[in-house]
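A quick write-up on the structure given underneath.
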Amino acid sequence: VQLQASGGGLVQAGDSLRLSCVSSGRTFSDYRMGWFRQAPGKEREFVASISRSGANTRYADSVKGRFTISRDNARNTMYLQMNSLKPEDTAVYYCAGRATYSSDTNPSSYDYWGQGTLVTVSS
C-alpha cells in the first residue's frame, strides 16, 4: 500500500484545513486508517483513527470536537477536516494504515505510512 498525504499549509489560528490521504496498491477498504502528527522535538502522536467501513472513529482529546476523520472507500481516500486550528496543532501530519485489529493509537501498530504534510498555524 502506498499512501500520499496532502492538504497542509500555513493558516491562522481559527482557520480550517482539510487533509487528504490517497491510497494505491491494494484494496483500501481492507485497512484500518489513522492520522498522526509530529511537532518539532516531540514524538509522533495519535490524532484520529477510523475503521474499515468508516462507522467507527476515535480522536485524541486534544482534537476532539474540532477535527473530523472520514474516508471514501470508493475513492481510496481518507480525510481529516481540521477546524478551529490552534498554534499547538502545528506539526507534520501523517496518514497510516494497518491490516490487523491492533491498538489504533499506537504508531507501531501501523504497517504503512504516508510521507507527511506540514500544517503550520500562526497565532
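The values are calculated or read from the model by the stated rules, or taken from the named source; none is laboratory data. Keep in mind that this is a model prediction, so the values were computed, not measured. FYI the Cβ positions are ideal-geometry reconstructions off the backbone, even for glycines, and counts take in every protein chain you see. To get the accessible areas, we keep the full protein, side chains included, count just its heavy atoms, and leave off ligands, DNA and RNA. Shrake-Rupley method; radii C 1.70, N 1.55, O 1.52, S 1.80 Å.
The condition of being at pLDDT below 95 and open to solvent by less than 40 Å² (accessible area, probe 1.4 Å) holds for only one of D89, D104, that being D104.
Of note, Y79 does not satisfy the criterion of being under 20 Å from Q12 (Cα atoms), of a type in the set (F, W, Y) and part of a strand (DSSP E or B).
Of all residues being of a type outside the set (V, I, T) and open to solvent by less than 40 Å² (accessible area, probe 1.4 Å) in the range 108-123, which is farthest from the chain's Cα centre (by Cα)? Just the residue, please. Applying the filter and picking the extreme gives S109.
For the range 69-87, the tally of residues that are farther than 23 Å from S123 by Cβ and within 13 Å of the chain's Cα centre (by Cα) stands at 6. Whenever a residue of the range 93-120 is within 25 Å of P40 (Cβ to Cβ), its partners that are part of a loop (DSSP other than H, G, I, E, B) and open to solvent by 60 Å² or more (accessible area, probe 1.4 Å), lying with C-beta atoms within less than 6 angstrom and at least six residues away or across chains, give the pairs P107/R44. Which of the strands (runs of 3 or more DSSP E) contained wholly in the range 1-68 include at least 1 residues that are hydroxyl-bearing (S, T, Y), open to solvent by 60 Å² or more (accessible area, probe 1.4 Å) and touching a Ser or Thr at 6+ places or on another chain (Cβ under 9 Å)? In the range 1-68, the matching strands (runs of 3 or more DSSP E) lie at 57-59. A count restricted to the range 1-35 and to residues that are among the polar types (S, T, N, Q) and farther than 15 Å from Y93 by Cβ stands at 6.
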